[in-house]
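Data first, discussion second: the structure below is written as structure tokens.
The values are calculated or read from the model by the stated rules, or taken from the named source; none is laboratory data. Only a predicted model underlies this, so the values are computations on that prediction, with no experimental measurement involved. Don't worry about glycine lacking a Cβ; one is built from the backbone with ideal geometry, like all the others, and counts go over all protein chains shown. Accessible surface is based on the protein model in full, side chains and every heavy atom, while ligands, DNA and RNA are left aside. Shrake-Rupley method; radii C 1.70, N 1.55, O 1.52, S 1.80 Å.
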Amino acid sequence: MRERGGLTGWGGVLVAAVLLGLAAAMQGQARRLAVFGAEADYPLLVACTLALFETSRGGAVLGFLGGFLQGCMAGFGLGYVAFSRTIAGYLAARSREWIGPGLPTAVGVVFACTAIAHLLELFLPPAKAVFPSLGDTIGTATYNGVLAIPLYALLNRFFKPAKP
Amino acid sequence: MRRRPSRDWLWLLALLALSGLLGSAQRSAAAGGSQPWFAGAVRSALIPVAGAIANLLDARDAYLFSFVSAGEVRRLRAENARLRLAAALYEERLAELAGEVDSLRRLMRLPKLPGRSRVAADVVASFPSENRLLLSVGGNDGVRQGMPVVDGNALVGVVRDVSPNSCTVEMVSSPSLRIGAMALRNPPAAGLLRGESPTKLILEFLDFNVPVGNNDLVVTSGYSERIPRGIPIGRIFQLEESREFGSRRSQVFPLANLGTVREVWVLQ
């Protein structure tokens, strides 16, 4: 692990690639893993949580990769998904730089960035029904926020947050 | 320290621009019934992982179900064995009749009917809010754009785009999918079916005076190059008429369980 922290070296790249790939593969089964009707957004969860250990540039790249894999698997909306996830990843990393690292930060940032990414998608084509989508967004953001607790705790054992 | 954020902004803008470019590449490939090469490569790498995750979830469901009701599992196994026997008998008879139809059509110099052979596929990913499914079969298995996809009961959707080892299905619940359909009556009431939600489809009739009623079975009309006639779609549960505008439409409840479908057939 280098002094500057973050997902440095081949180990960091490998962990990021494996986690994002697993998350993109898992997203197609999100409905079967729903809790009280709320579905998690796994690629976004992984990208935002990993972004908490990276600079804002690294966060944007992680968000973009998460969106890219998700859009390729779904077969549609690649541009919109990658666009909204890139912004979410960037904001997640920036927020950590502003607020500082920690588990409560991780939960709050993942919740907020998930909500922002889904709200951005709401205003991008194709047109969606606003109120049901808002409900889904809150459910997904809450689910992602909860899942961020074990994921952040695990990653925190191996990586240190990057210095801005 | 002051230059760093501006460089990060440049990275952000570059990635957003790249997102737009990749999105437009995907849209133009999808319009031609395929996926761009990079999406095909990602799918080839991740579909085995997605399949393994789906199998794990199946095993979890089976375990939980058997834990809850061992008696029900025994009853379902016995019923499954009975149905397998019955299906084997029907399939033989069906193949015989289909062969007869084919030879009569050959004699009359009519083209071969679509949907004669089929490919089994696993649903490796489901995107219900976008009315899409990702299947484990693709161009290498003979799947082509526009082919119908069915589960055990009814029409699930139509193949939208094809990669070598996977394909995307647009479900019947999609508002952008139009399928020729008819209510099974004498004479049959033909119309155009589109999706509205996973539990509601809309069938607009072409003829205002043709008789239809609640609970009528709606099937594909066969006025299509790839979708054969007679695949069940759903049942009518509400009729709406507007004499001033001369329109008549019905709400249809789909027979396929679109939210939980796991295995399907692609009809070739």
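Screening A:MET26 with (1) within 12 Å of chain B (Cβ to nearest Cβ); (2) of a type outside the set (Ser, Thr, Tyr); (3) out of contact with any helix residue (DSSP H, G or I) (no Cβ under 6 Å at 6 or more places or on another chain) gives one miss only, at (3). From the list B:GLY32, B:GLY40, the lone residue that is modelled with pLDDT under 90, among the small types (Gly, Ala, Ser) and open to solvent by 20 Å² or more (accessible area, probe 1.4 Å) is B:GLY32. All conditions in (1) open to solvent by 10 Å² or more (accessible area, probe 1.4 Å); (2) in contact (Cβ under 8 Å) with a residue 40 or more places away in the chain; (3) within 14 Å of chain B (Cβ to nearest Cβ) hold for A:PHE36, with the sole exception of (3). Does any residue of region B:67-74 turn out to be basic (Lys, Arg), at pLDDT 85 or above and surrounded by 10 or more Cβ atoms within 10 Å (Cβ to Cβ)? No.
Please work out if B:THR199 is within 14 Å of another protein chain (Cβ to nearest Cβ) and modelled with pLDDT of 90 or more.
no
Against the test of being out of contact with any Gly (no Cβ under 7 Å at 6 or more places or on another chain), in the same structural domain as B:LYS200 (by TED's automatic domain parsing) and either assigned to a loop (DSSP other than H, G, I, E, B) or not hydroxyl-bearing (Ser, Thr, Tyr) (or both), the options B:VAL137, B:VAL73, B:VAL101 yield a single qualifying residue, B:VAL137.
Could you check region A:68-82 and list, in sequence order, the residues that are within 12 Å of the chain's Cα centre (by Cα) and facing chain B (nearest Cβ under 7 Å)? A:ALA82 - this is the single residue of region A:68-82 that is within 12 Å of the chain's Cα centre (by Cα) and facing chain B (nearest Cβ under 7 Å). Residues of region B:91-114 that are under 24 Å from the mean Cα position of the chain (by Cα) and either farther than 25 Å from B:VAL266 by Cβ or surrounded by fewer than 12 Cβ atoms within 10 Å (Cβ to Cβ) (or both): B:GLU91, B:LEU94, B:ALA95, B:LYS112.
When B:ASP8, B:ASP58 are checked against the criterion of being at the interface with chain A (Cβ under 7 Å from one of its Cβ atoms) and over 21 Å from B:SER163 (Cα atoms), B:ASP8 stands alone in meeting it. Here A:GLY21 fulfils each of the conditions (1) modelled with pLDDT under 90; (2) facing chain B (nearest Cβ under 9 Å); (3) surrounded by fewer than 24 Cβ atoms within 10 Å (Cβ to Cβ) apart from (1). Within region A:146-162, being of a type in the set (Gly, Ala, Ser) and assigned to a helix (DSSP H, G or I) holds for A:ALA148, A:ALA153. Of all the listed residues (B:GLY180, B:GLY259), the sole one being part of a loop (DSSP other than H, G, I, E, B), surrounded by fewer than 22 Cβ atoms within 10 Å (Cβ to Cβ) and out of contact with any Leu (no Cβ under 6 Å at 6 or more places or on another chain) is B:GLY259. Does at least one position in region A:16-32 carry a residue that is free of Cβ contacts under 8 Å to residues at least 40 places away in the same chain and assigned to a loop (DSSP other than H, G, I, E, B)? Among the residues of region A:16-32, at least one is free of Cβ contacts under 8 Å to residues at least 40 places away in the same chain and assigned to a loop (DSSP other than H, G, I, E, B), which makes the answer yes. At pLDDT below 90 and either open to solvent by 30 Å² or more (accessible area, probe 1.4 Å) or touching a Gly at 6+ places or on another chain (Cβ under 9 Å) (or both): is that true of B:ARG235 in this structure? It is false that B:ARG235 is at pLDDT below 90 and either open to solvent by 30 Å² or more (accessible area, probe 1.4 Å) or touching a Gly at 6+ places or on another chain (Cβ under 9 Å) (or both).
Going by the conditions given, is A:ASN144 more than 14 Å from chain B (Cβ to nearest Cβ), open to solvent by 70 Å² or more (accessible area, probe 1.4 Å) and closer than 15 Å to A:CYS48 by Cα? Can you show your working first?
Working: more than 14 Å from chain B (Cβ to nearest Cβ): yes; open to solvent by 70 Å² or more (accessible area, probe 1.4 Å): no; closer than 15 Å to A:CYS48 by Cα: yes.
So A:ASN144 fails the test.
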